[in-house]
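Trainee: Input: one structure, supplied below.
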Amino acid sequence: PIRTRIKSMAGDNSLKSFTVWVLVALTTGASAVVMTTVWLTKYLGGFDWNNEKVFNYHPLFMVIGMVFLYANSALVYRVFRNSRKPLLKSVHGILHILALVFSIVGLVAVFKFHNLPTHNIPNMYSLHSWIGLAVVILFCMQWVIAFVAFVFPTLSDSLRASYLSMHRFWGAGIFVGSVASCLLGLTEKNFFAGNYAKLPDAAKLSNCLGLVLSAYAILIVYILAARISAAWSRPPRPSGWSFVKAETNRRRDNIGFIHFSY
């Protein structure tokens, strides 16, 4: 009994620390979105889809989509770890869809800006653009494969379990790549301003934004690290198609139902 109570107390303390880490991470991510908005409205002229200000949709929507929403979709299975798996899958998928929509609009905005008759800037020449587009393509591939594997599973349970570790790894990798692309984009934009070395107010704010984005990435990766605490992870439970198979087998064993093959 004493050992059980000690383990229970340790688990409670771990969950309390988890709550603190999540709140700090969410506050940091929301701060990054607010700082991006202030930077673009106060120093870069705001937003207008019909002129050169269309560019400003690009950094804002990419931060919202590929950084803030993307990270929150990954946290769903930690924050709501005791909820039903189908609900978590739905929320996870919806947040990913929203992230993808924001990202696509952000990409359209920057291509439209580059192709304006008054600018005619070449597309896809910088490291920022290469990494950014690669991350979005990887995200789309990850989404499609996960949809096939987990939403309408055609794979065996063993293959799905094996792919899950890859899904988590590539999910974290895509997120880190997104933040890296943002940092490159901020630096690139500051250099294009022409007076970066003098560190004007706009550059100071964008540099601080880069620090906040970096801190957000560290916090999210720390929370998602599988070996930090077992209490932070969602306990494995049969759900979805696996639950149907388990329930069918249980009834078959108990009352002699015919075994169906799924």
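The values are calculated or read from the model by the stated rules, or taken from the named source; none is laboratory data. Quick caveat: nothing in here was measured; it's all calculated off a predicted structure. Glycine gets a Cβ as well: all are built from the backbone with ideal geometry, and neighbour counts include every protein chain shown. Ligands, DNA and RNA are excluded from the accessible area calculation, which covers all protein heavy atoms including side chains. Shrake-Rupley method; radii C 1.70, N 1.55, O 1.52, S 1.80 Å.
Trainee: Taking the condition of being in contact with an Asp or Glu (Cβ under 7 Å, 6 or more places away or on another chain) and assigned to a helix (DSSP H, G or I), how many residues in region 66-116 meet it? Spell out the reasoning first.
Mentor: Taking region 66-116 and keeping what is in contact with an Asp or Glu (Cβ under 7 Å, 6 or more places away or on another chain), we get 113, 116.
Filter once more, keeping what is assigned to a helix (DSSP H, G or I): 113.
Count: 1.
Trainee: For Ala109, are the conditions met, namely being closer than 16 Å to Tyr70 by Cα and in contact with a helix residue (DSSP H, G or I) (Cβ under 6 Å, 6 or more places away or on another chain)? Give the steps one after another, and end with the answer.
Mentor: Working: closer than 16 Å to Tyr70 by Cα: no; in contact with a helix residue (DSSP H, G or I) (Cβ under 6 Å, 6 or more places away or on another chain): yes.
When the stated conditions are applied, Ala109 does not pass them.
Trainee: Just give me the residues in region 141-171 being among the hydrophobic types (A, V, I, L, M, F, W, C), within 18 Å of Ile94 (Cα to Cα), surrounded by 13 or more Cβ atoms within 10 Å (Cβ to Cβ) and under 15 Å from the mean Cα position of the chain (by Cα), in sequence order.
Mentor: Trp143, Ala146
Trainee: Right, something else. Looking only at residues in region 213-232 that are within 19 Å of the chain's Cα centre (by Cα) and open to solvent by 30 Å² or more (accessible area, probe 1.4 Å), which one is modelled with the lowest pLDDT? Please lay out each step first, then the result.
Mentor: First, pick out the residues of region 213-232 that are within 19 Å of the chain's Cα centre (by Cα): 213-226, 232.
Applying the additional criterion that residues be open to solvent by 30 Å² or more (accessible area, probe 1.4 Å) yields 214-215, 218, 221-222, 224-226.
Numbers: Ser214: 98, Ala215: 98, Ile218: 96, Val221: 94, Tyr222: 91, Leu224: 88, Ala225: 83, Ala226: 56.
Per the criteria, the residue is Ala226.
Per-residue answers, yes or no, for (1) touching a residue at least 40 places away in the same chain (Cβ under 8 Å); (2) within 15 Å of Met166 (Cβ to Cβ):
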site	(1), (2)
His119	yes, no
Ser126	yes, no
Gly132	yes, no
Val135	yes, no
Phe139	yes, yes
Ile145	no, yes
Phe150	yes, yes
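Trainee: Still on this structure: Failed condition for Tyr125, given (1) touching a Ser or Thr at 6+ places or on another chain (Cβ under 8 Å); (2) assigned to a loop (DSSP other than H, G, I, E, B), with all others met?
Mentor: Every condition holds for Tyr125 apart from (1).
Trainee: Picking from Ser206, Ser178, which residue would you name as being over 20 Å from Gly46 (Cα atoms) and either surrounded by 13 or more Cβ atoms within 10 Å (Cβ to Cβ) or under 24 Å from the mean Cα position of the chain (by Cα) (or both)?
Mentor: Details: Ser206 fails: over 20 Å from Gly46 (Cα atoms).
Testing whether each residue is over 20 Å from Gly46 (Cα atoms) and either surrounded by 13 or more Cβ atoms within 10 Å (Cβ to Cβ) or under 24 Å from the mean Cα position of the chain (by Cα) (or both) leaves just Ser178.
Trainee: Mind telling me which of the residues Lys53, Lys16, Lys7, Lys85 ends up being modelled with pLDDT of 95 or more, open to solvent by 40 Å² or more (accessible area, probe 1.4 Å), among the basic types (Lys, Arg) and over 16 Å from the mean Cα position of the chain (by Cα)?
Mentor: Numbers: Lys16 fails: modelled with pLDDT of 95 or more; Lys7 fails: modelled with pLDDT of 95 or more; Lys85 fails: modelled with pLDDT of 95 or more.
From the options Lys53, Lys16, Lys7, Lys85, the qualifying one is Lys53.
Trainee: Now, a different point. Name, by its number, the condition in (1) surrounded by fewer than 18 Cβ atoms within 10 Å (Cβ to Cβ); (2) touching a His at 6+ places or on another chain (Cβ under 9 Å) that does not hold for Gly185.
Mentor: So Gly185 meets the others, but not (1).
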